[in-house]
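**Q** Input: one structure, supplied below.
We did not get these values from a lab; they are worked out from the coordinates using the rules stated. Keep in mind it's a predicted model, so treat the numbers as computed, not measured. Please note: Cβ atoms are built from the backbone with ideal geometry, for glycine as well, and neighbour counts cover all protein chains shown.
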Amino acid sequence: MEKGFFFQDKKVPLIGPQGIFKPAILPTNPYLPLSINTSPNSPYDDKDLYGGVIAYKYRGEDQNHYQNVGLREAMKRKTPLIYFRGLAEGYYSASWPVFIVADNPKELTFMAKVDKEEFSFVSENASTKKTEDLRRSYATYEAHRRVHQGVFRTRVLIAYKQHCAICYLGHPPLLDAAHILPDTHPNGHPTVDNGISLCRIHHAAYDTKIIGIRPDYHVEVNEAVLMEKDGPMLKHGLQEFHESKLILPRSKSDWPKEENLEERYQQFKAG
């Protein structure tokens, strides 16, 4: 993100050392940022709130700092921003477009809202209540999917050192953060202990009950699948992992919750 891209032979980074960032190529009058970010070890108390709203702290305590003024100008002009949220050193999730929608000087906080890309440039003249309601419903959905699920995937893969917990495949584009209990479940929280890093094959096998994972962290292959005779993928990709143990994260706090595994395992046994 610091390398950015080139536009008209000029380098345009997407992020800088400061949370409110404007690349040099953009005009300074008015000062309009390109992105805002929260670093993994940020001293600022930025928070994700319900419905895709982000409480984003001022730069320092001076309400008239030029960067804070720039965000107010972005709010006035309804300028879309990029929000980079730091998950761990070197890992960020990106949300776009994000709009500054409120300013709270007493709390030294802006409110930013994640919007739905397809609805970002609807003109004010075409804006009806129906359009705005549709925009908000899409924004809520997209905020949940892009922010929470993106954060969930990244944190799970980091915990498992970007390897499949079953076969140890280490190619991140082929890895998923598999939910143990779905996010529609009361206990299906997007936390690392409700997830397992699995390759696409083993994730699909887990979701379709070809394999189950016991609360003792061992893999169990469906009995009917164990009896099948097919090519090498079935034998080496599935059957040979029967009774193998998951390759777990170093930190025990990141291990899958046993009660979640038990509930999911009972579903597997019930077919």
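**Q** Semi-axes of segment 163-270's equivalent ellipsoid from the Cα gyration tensor, sqrt of 5 times each eigenvalue, largest first, rounded to whole Å? Kindly include the intermediate steps, with their values, before the conclusion.
**A** On the way: eigenvalues 95, 52, 30 Å².
Rounded to whole Å, the semi-axes are 22, 16, 12.
**Q** Moving on to the next point. Gain in length, residue 200 to residue 251, computed as 0.36 nm per residue apart minus the alpha-carbon separation, to one decimal in nm?
**A** Values: separation 51, 0.36 × 51 = 18.36 nm, distance 2.40 nm.
Full extension of this stretch gives 16.0 nm more.
**Q** Can you sort 250, 264, 200 from fewest to most other Cβ atoms within 10 Å of each residue's own Cβ?
**A** Exposure proxy ranking, most exposed first: 250, 200, 264.
**Q** Now for a different question. Run the simple label-point estimate for residue 12 and residue 77 please: 7 Å along Cα→C-beta, distance reported in nm.
**A** Each label point lies 7 Å from its Cα, and together they span 1.4 nm.
**Q** Still on this structure, I have one more. Can you spot the lysines whose alpha carbon is less than 23 Å from residue 106's alpha carbon? Ignore those fewer than 8 places along the same chain.
**A** 47, 57, 76, 78
**Q** Which lysines, if any, have their Cα less than 17 Å from the Cα of residue 161, not counting same-chain residues under 8 positions apart?
**A** Straight-distance partners of residue 161: 245, 252.
**Q** Pulled fully out, how much extra length does the chain show between residue 107 and residue 89, if you take 0.36 nm times their separation in residues and subtract their Cα-Cα distance?
**A** That pair, residue 107 and residue 89, stretches by 3.7 nm at full extension.
**Q** Can you grab the distance from the C-alpha centre of segment 175-212 to the C-alpha centre of segment 156-170, Å, no decimals?
**A** Distance between centres, Cα-based: 13 Å.
**Q** Working out 0.36 nm times the residue gap between residue 185 and residue 32, then minus their Cα-Cα distance, what length gain in nm do you get to one decimal?
**A** Length gained between residue 185 and residue 32: 50.9 nm.
**Q** Using per-residue counts of other Cβ atoms within 10 Å, averaged over each peptide, order 79-86, 209-216 from highest down.
**A** On the way: 79-86: 19.8, 209-216: 18.0.
My ranking of the peptides, most packed first, is 79-86, 209-216.
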